[in-house]
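Read through the structure below, which is laid out as structure tokens, and then see the notes.
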Amino acid sequence: MNSGNISRRAFAQIAGTLAVAQVPVRGAATTAQDIAKQIQDRLGGDWPQTGVDGFKAGKPETEARGIAATAMATMDVLRQASKAGLNLIVTHEPTFFGVRDGAPPAAPFQGRGGRGPAAPAGEDPVHKGKQEFIEKNGLVIFRLRDHWRARKENEMATGLAESLGWAAYRVPGEVPMYDIPGATLEDTVAVIRKKLNLRGGLRAVGDAKARVRRVMLYPGQMALETMLKYFAQADLLLAGEVREWECVPYAVDMNAAGEKRSLVTIGRVVSEDPGMRACAAWLKTVVKGVPIQWISAGDPYWRAV
């Protein structure tokens, strides 16, 4: 029996698991489309069909029993939302493993017997099983990334600062810099790990005994251009993720040259989780009559040692 068949059977079983029926909200029905319109009107701007924001799965005309805001709509998040009776999922990152949330391309099956025939696009068992779970449980997926990040308040950074206990240390200016109580990099990393409940996604570059005072927060992916622009202004750049072959060697070489500045990455989803908790709070000021809850996607990594 090949692993491909096991995967297909396993995910078909997941897709067939239905949530316990929830009592619908009393009063006039509010659809997912109605709520999306309220979000769009409040945030403003253009919402082109070619953009990354918008409906990605489910039927927009579905009555919304509740809203779950999350950094990423993983299967675990979808299960939690469905169990809680929250059928409209507002997610920051893609649900279907690509920037456009599209079906995966056709690809040859790699089984024990070697290369087999190409599987049709969209027939990947993980993608298909997740799609079927969404459909059978009456879920609707709405992505909210670009328009949420465009807000001047920058809740993605401020939410992360609040989770770390650093909100009161904000340095005036457009860039999210914080003058935290001075400590070594080693001790600062320990605080970050504890506050964010990290299992294994955190990685640090720099002298463990270097002093850290000014920190720049950059949830999501930090490009090399951003690092070059701000590294000299902070003792520590705290990002979700970076291109390892660009930013990491730059930080390593900077330290080798005697410049004790540090780079810490905590994982893209972990870095964005607090910002989507802030999104859930914001949604409560926009949408009335349905329960709204933040569901953490959590740290997907674990430590081998």
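Please treat every number below as a calculation from the coordinates, not as lab data. This is a predicted model, so every value here is computed, not measured. Note: ideal-geometry Cβ built from the backbone for every residue, glycine included; neighbour counts use all protein chains shown.
Observations, loosely collected:
- Distance between modelled label sites at LYS288 and GLN38, nm, 7 Å Cα→Cβ extension: 0.9 nm
- Evaluating 6.51 cos²θ - 1.76 cosθ + 1.60 at θ = phi - 60° for every residue in segment 195-208, the Karplus couplings come out as 5, 9, 6, 7, 9, x, x, 7, 9, 10, 10, x, 6, 4 Hz, glycine and proline recorded as x.
- Rounded to whole Hz, the Karplus (6.51, -1.76, 1.60) HN-Hα couplings of segment 268-282, x for glycine and proline: 4, 5, 4, 5, 9, 3, x, x, 7, 5, 5, 5, 4, 5, 5
- Listed residues VAL215, GLY182, ILE266: farthest to the positive end of the dipole of segment 155-266 (Cβ charges): GLY182
- Couplings for segment 246-261, taken from phi via the Karplus curve 6.51 cos²θ - 1.76 cosθ + 1.60 with θ = phi - 60°, read 10, 6, 5, x, 5, 5, 4, 5, 4, 5, 5, 7, x, 8, 7, 10 Hz in order; Gly and Pro are left as x.
- Förster radius 41 Å - calculated FRET efficiency between ALA29 and VAL52 (Cβ-Cβ, nearest 0.05): 0.90
- The amide H of SER262, built 1.01 Å from its N in the peptide plane, has LEU236, LEU237 as neighbours under 5 Å, considering only residues 5 or more places off or on other chains.
- For LYS59, neighbours were defined as the other residues whose beta-carbon sits under 15 Å from its Cβ, and their charges (Lys and Arg +1, Asp and Glu -1) total -2.
- Given +1 at the Cβ of Lys and Arg, -1 at the Cβ of Asp and Glu and no other charges, the dipole of segment 155-266 around its Cα centre is 340 debye to the nearest 20.
- At 1.002 mPa s and 20 °C, Stokes D of segment 155-266 from Kirkwood alpha-carbon radius, µm² per second: 155 µm²/s
- Summarising the label geometry, the points placed 7 Å from Cα in the beta-carbon direction at GLU123 and LYS194 lie 5.3 nm from one another.
- Amide H within-cut-off set for ALA71, under 5 Å, with H built and near neighbours excluded: HIS92, ALA297
- Sorting the segments 252-259, 286-293 by their mean number of nearby beta carbons within 10 angstrom, highest to lowest, gives 286-293, 252-259.
- Using 0.36 nm per residue and subtracting the Cα-Cα separation, the extra length available between GLN233 and ALA150 on full extension is 27.5 nm.
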